[in-house]
């Protein structure tokens, strides 16, 4: 669980193909938020502070369909609940003053976290923060472009970009399946998520799936 | 005006979620049983993300062009394609199947 010798530059380089996809989704978030009546400034503030695509899409679309503030907040908070276990998994990469750790931790996002994984529970600080800063810039600038020009840039779904994210996560999952216990835990987590999708609000399946990690309590494998 | 309270509450909650591990745990070594659990967070959360991003819909399971993208990605991974190529193959397959269906 130490920070392997990857530099911030390695993280920047690793993130570039993903950053293009994230940028397009930022554009579509800006466009959706604008057309949902969030104005121009609120979507930008949200991208800069929340920096988590799915929760922002959920909140904007609920507000846009007059779902109300409580429903929007509930959905977004449930969706982002996964960042508690995710941030625990990389906690050891952060050091220094509490405020510094709090600020750097904001660069944790699904893609930067996944890219920083070195398997066997180890993560690289350079990859996490280098990728995180690029993805943050892509997300916020994409949102700005979407708020202003969104309609001119087309639909990210027509470009197949919604198929790119699960592919990224799959590519990063495979090297993590080295031990029988990891394979069993991944299978169990995937099954829990799949089972809950039809019955719970979005976000709950991922948080509930994380309980599959408790397999790690049984002795050593 | 319901927009700003949502932006504020969601923003504060997310900042706290993301900081919870780094601020509360920091570099202190985890007790052995907990370390065994944390090692499994990677595979478990990635598997859950693959599932929800491939077939997750609005409160239901949706089988659409994303499946073709992930299938193509699996082939590219099996052929030991580098990560950027896997992502591009997945997007292209998703877009193609969506165009044809």
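The values are calculated or read from the model by the stated rules, or taken from the named source; none is laboratory data. Predicted, not measured: the structure shown is a model, and the values here were computed from it. Ideal geometry is used to build each Cβ from the backbone, glycine not excepted, and the neighbour counts take in all protein chains shown.
The rows are residues; the columns are (1) at pLDDT 90 or above; (2) more than 24 Å from residue A:193 (Cβ to Cβ).
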| site | (1), (2) |
| --- | --- |
| B:1 | no, yes |
| B:16 | yes, no |
| B:23 | yes, yes |
| B:39 | no, no |
| B:42 | no, no |
| B:47 | yes, no |
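Within the range A:71-122, restricting attention to residues that are at the interface with another protein chain (Cβ under 7 Å from one of its Cβ atoms) and touching a strand residue (DSSP E or B) at 6+ places or on another chain (Cβ under 6 Å), which residue is modelled with the lowest pLDDT?
Only one residue fits best here, namely A:117.
For the range A:85-112, which positions are under 28 Å from residue A:167 (Cα atoms), free of Cβ contacts under 8 Å to residues at least 60 places away in the same chain and in a helix (DSSP H, G or I)?
Those that are under 28 Å from residue A:167 (Cα atoms), free of Cβ contacts under 8 Å to residues at least 60 places away in the same chain and in a helix (DSSP H, G or I): A:86, A:87, A:88, A:89, A:91, A:104, A:105, A:110.
When only residues in the range A:21-44 that are surrounded by fewer than 18 Cβ atoms within 10 Å (Cβ to Cβ) and either free of Cβ contacts under 8 Å to residues at least 60 places away in the same chain or out of contact with any helix residue (DSSP H, G or I) (no Cβ under 6 Å at 6 or more places or on another chain) (or both) count, which is farthest from the other protein chains (Cβ to nearest Cβ)?
Of all residues in the range A:21-44, those surrounded by fewer than 18 Cβ atoms within 10 Å (Cβ to Cβ) come to A:35, A:37, A:39-41.
Narrowing the set further to residues that are either free of Cβ contacts under 8 Å to residues at least 60 places away in the same chain or out of contact with any helix residue (DSSP H, G or I) (no Cβ under 6 Å at 6 or more places or on another chain) (or both) leaves A:35, A:37, A:39, A:41.
Working: A:35: 13, A:37: 8, A:39: 7, A:41: 9 Å.
Ranking the candidates gives A:35 first.
What about residue A:189, is it modelled with pLDDT of 90 or more and within 7 Å of chain B (Cβ to nearest Cβ)?
Numbers: modelled with pLDDT of 90 or more: yes; within 7 Å of chain B (Cβ to nearest Cβ): yes.
Yes; evaluated as a whole, the condition is true for this residue.
Filter the range A:139-156 down to the residues that are modelled with pLDDT of 85 or more and more than 11 Å from residue A:40 (Cα to Cα), then identify the one that is farthest from the other protein chains (Cβ to nearest Cβ).
As a first pass, look at the range A:139-156 and keep what is modelled with pLDDT of 85 or more: A:139-149.
After this cut, where a residue has to be more than 11 Å from residue A:40 (Cα to Cα) as well, the list is A:139-142, A:149.
Details: A:139: 13, A:140: 13, A:141: 18, A:142: 16, A:149: 21 Å.
Step by step, filter the range A:139-156, then rank; the result is A:149.
Provide a single number: the residues in the range A:160-178 that are under 15 Å from residue A:119 (Cα atoms) and in a loop (DSSP other than H, G, I, E, B).
Within the range A:160-178, residues that are under 15 Å from residue A:119 (Cα atoms) and in a loop (DSSP other than H, G, I, E, B) number 2.
Output the residues belonging to the range B:69-86 that are touching a residue at least 12 places away in the same chain (Cβ under 8 Å) and at the interface with another protein chain (Cβ under 7 Å from one of its Cβ atoms).
Residues satisfying the conditions are B:69, B:70, B:73, B:86.
Could you tell me whether residue A:194 is at pLDDT 95 or above and touching a helix residue (DSSP H, G or I) at 6+ places or on another chain (Cβ under 9 Å)?
Details: at pLDDT 95 or above: yes; touching a helix residue (DSSP H, G or I) at 6+ places or on another chain (Cβ under 9 Å): yes.
When the stated conditions are applied, residue A:194 passes them.
Here is a list of conditions, (1) in contact (Cβ under 8 Å) with a residue 12 or more places away in the chain; (2) part of a helix (DSSP H, G or I); (3) touching a strand residue (DSSP E or B) at 6+ places or on another chain (Cβ under 9 Å), and residue A:194 meets all of them except one; can you say which number that is?
Failing condition for residue A:194: (1).
Tell me which residues, restricted to the range B:47-67, are touching a residue at least 12 places away in the same chain (Cβ under 8 Å), at the interface with chain A (Cβ under 7 Å from one of its Cβ atoms) and closer than 12 Å to residue A:167 by Cα.
Matches in the range B:47-67: B:50, B:53, B:54, B:66.
Say we look at the range A:197-208 and pick out the residues that are more than 7 Å from every other protein chain (Cβ to nearest Cβ) and touching a helix residue (DSSP H, G or I) at 6+ places or on another chain (Cβ under 7 Å); which of these is surrounded by the most Cβ atoms within 10 Å (Cβ to Cβ)?
First, the residues of the range A:197-208 that are more than 7 Å from every other protein chain (Cβ to nearest Cβ): A:199-201, A:203-204, A:207-208.
With the extra rule that they be touching a helix residue (DSSP H, G or I) at 6+ places or on another chain (Cβ under 7 Å), the set shrinks to A:201, A:203-204, A:208.
Details: A:201: 14, A:203: 22, A:204: 17, A:208: 17.
Once the filter is applied, the top-ranked residue is A:203.
Quick one: is residue B:36 surrounded by fewer than 16 Cβ atoms within 10 Å (Cβ to Cβ), over 18 Å from residue A:110 (Cα atoms) and within 7 Å of chain A (Cβ to nearest Cβ)?
Working: surrounded by fewer than 16 Cβ atoms within 10 Å (Cβ to Cβ): no; over 18 Å from residue A:110 (Cα atoms): yes; within 7 Å of chain A (Cβ to nearest Cβ): yes.
For residue B:36, the condition - surrounded by fewer than 16 Cβ atoms within 10 Å (Cβ to Cβ), over 18 Å from residue A:110 (Cα atoms) and within 7 Å of chain A (Cβ to nearest Cβ) - is not met.
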